[in-house]
Amino acid sequence: NPYAGLVSHLRTSWLSRKSWPMEYRVAQLEALGRFLEEKEEDILEAATLDMGKPHVETQLSEIFVCRSELNHTLNNLSTWMKDEHVEKKWAMQLDSAFIRKDPYGVVLIIGPWNYPVHLLLVPLIGAIAAGNCVVVKPSEVSKNTERLIAEMLPKYLDKDCFAVVTAGVEGTTRLLENKFDYIFYTGSPAVGRVVMSAAARHLTPVTLELGGKNPCYVSDSCHVQNAARRLAWGRFFNAGQTCIAPDYVLCSLEMQEKLLPALQEAIAEFYGPNPRESSSFARIIGDRHFQRVSALLSGGRVAIGGQTDAGTRYIAPTVLVDVQQDDPVMQEEIFGPVLPIFTVKSMDDAIAFINARERPLAIYVFSSSKQVVKKVLERTSSGGFCSNDTIMHFTLTSLPFGGIGQSGMGHCHGRFTF
């Protein structure tokens, strides 16, 4: 196996306990912070080359998120590392009983292409903080970011304990043949099954951050303009290539008629009269994904947007109406700037629609009624939940981020990554 020697070298380092002392962990985390600071312009440029991503989006969703995670970890690491003493029975009052936080060992982190920095480095921060040795495998799809990480990150971290592997499907398959002590994968459910199958051969525990179709129920009692602005921001940020983006809207026919002009207004406010010319709107990552998302536009009727340009991989912010349950756009995760609206007669129908499908990574609801929000929260199940906003729950390091069922297993952020 081409990676056996590398994994063996990292395991030798881990067994020597080089990565265990708190001072070592802090030094490596601080080095990661210097990487983010000194290579910020390179990260911004790589994201633009890969996805036409606006600098402000990269700063917010890649660099700021990593810095926030890093600062939170450094500020709390000494507390997290302490033994946790537990309650004892009367017969054991003179004994000592506690939970010791030991590192797993040699960890593999496989990152995705849509947020190729923060979805790689956030789990890396937790793995370093916990005293592990780590192999990171950035996505080969976002090739400019992959090259940057492969060339620059090893210059900041200790090569005895941390390594970057670049590989496509075949190479990643060979990498997964090695025994790791933990695997953290972010990506699609289909590849998640492959990763979990490979991990099972060694009984290796996994965290799988997957995706799915995140529903958004917009009730008749909501503030329409606020809902439209926050829906448009959450759906069209990063050209819709976000695993927790609202994937489709459930609302009444009456609300649809109010929501459409409000969405049109919000899109124009964010991206101007022609989003193709906006410096604030990203592009689809590659030709294959462009063709896949473009094909989804045939479901239903285009109410807003719909323009495409294969040469620049541009798909306009698009809203679809009159969609059917069996349309492909309602069956698969969109992962593009397309928002279908599916009409329902009542909140109960919306809840039944959500519960008839796989449990999503996130559920959103817009309503001025606390009772409506509470009912949707209590009667549905998802990895995360957010009312009267989209995506923002992800930014809290104090909340665990992760899926359930088809949308994943395990959590990350702050102490949950540790």
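Figure legend. Inter-residue proximity from the range 366-382: first residues within 15 Å of residue 349 (Cα to Cα) and in the same structural domain as residue 232 (by the TED database), second residues part of a loop (DSSP other than H, G, I, E, B) and open to solvent by 30 Å² or more (accessible area, probe 1.4 Å), beta-carbon distance below 7 Å, spacing 6+ or different chains. Indicated pairs: 372/221. For the range 185-204, check the following and say yes or no: at least one residue is among the hydroxyl-bearing types (Ser, Thr, Tyr), under 25 Å from residue 51 (Cβ atoms) and open to solvent by 40 Å² or more (accessible area, probe 1.4 Å). Yes, that holds for at least one residue.
If you go through the range 196-228 and pick out every residue that is under 28 Å from residue 337 (Cβ atoms) and either among the charged types (D, E, K, R) or in a helix (DSSP H, G or I) (or both), you end up with 8.
Which of the residues that make up the range 334-353 are under 10 Å from residue 248 (Cβ atoms) and open to solvent by 10 Å² or more (accessible area, probe 1.4 Å)?
Within the range 334-353, 342, 353 meet the criteria.
If you go through the range 225-241 and keep only what is open to solvent by less than 10 Å² (accessible area, probe 1.4 Å) and within 16 Å of residue 334 (Cβ to Cβ), you end up with 231, 232, 234, 235, 236, 238, 239, 240, 241. In the set 229, 193, only one residue is at pLDDT 95 or above and not assigned by the TED database to the domain that holds residue 343; that residue is 193. From the list 313, 359, the lone residue that is touching a residue at least 24 places away in the same chain (Cβ under 8 Å), open to solvent by 30 Å² or more (accessible area, probe 1.4 Å) and more than 21 Å from residue 267 (Cβ to Cβ) is 359. Within the range 168-189, the set of residues being over 21 Å from the mean Cα position of the chain (by Cα), closer than 17 Å to residue 6 by Cα and of a type outside the set (Val, Ile, Thr) comprises 171, 174, 175, 176, 177, 178, 179, 180, 181. Applying a threshold of 7 Å to beta carbon distances and a minimum spacing of six or more residues, or different chains, the list of pairs starting in the range 205-227 at a residue that is over 24 Å from residue 182 (Cα atoms) and among the small types (Gly, Ala, Ser) and ending at one that is assigned to a loop (DSSP other than H, G, I, E, B) and open to solvent by 20 Å² or more (accessible area, probe 1.4 Å) reads 219/369; 221/368; 221/369.
Across the range 385-401, the number of residues qualifying as open to solvent by 30 Å² or more (accessible area, probe 1.4 Å) and either within 12 Å of residue 122 (Cβ to Cβ) or part of a strand (DSSP E or B) (or both) comes to 3. Could you tell me whether any residue of the range 56-72 is of a type in the set (Lys, Arg), within 21 Å of residue 150 (Cα to Cα), open to solvent by 20 Å² or more (accessible area, probe 1.4 Å) and without any contact (Cβ under 8 Å) to a residue 40 or more places away in the chain? Within the range 56-72, one or more residues are of a type in the set (Lys, Arg), within 21 Å of residue 150 (Cα to Cα), open to solvent by 20 Å² or more (accessible area, probe 1.4 Å) and without any contact (Cβ under 8 Å) to a residue 40 or more places away in the chain. Taking the criterion of being aliphatic (A, V, I, L, M) and without any contact (Cβ under 8 Å) to a residue 60 or more places away in the chain, the residues of the range 137-155 that qualify are 149, 150. For the residues 29, 49, 77, the requirement of being among the aliphatic types (A, V, I, L, M), at pLDDT 95 or above, out of contact with any His (no Cβ under 7 Å at 6 or more places or on another chain) and open to solvent by 60 Å² or more (accessible area, probe 1.4 Å) singles out 49.
Taken together, the residues in the range 243-264 that are under 14 Å from the mean Cα position of the chain (by Cα) and open to solvent by 10 Å² or more (accessible area, probe 1.4 Å) amount to 1.
The values are calculated or read from the model by the stated rules, or taken from the named source; none is laboratory data. Not measured: the values here are computed from a predicted model. No Cβ is skipped: glycine too gets one built from the backbone with ideal geometry, and neighbour counts run over all protein chains shown. The protein model used for the area step is the full one, side chains on, heavy atoms only, and it has no ligands, DNA or RNA in it. Shrake-Rupley method; radii C 1.70, N 1.55, O 1.52, S 1.80 Å.
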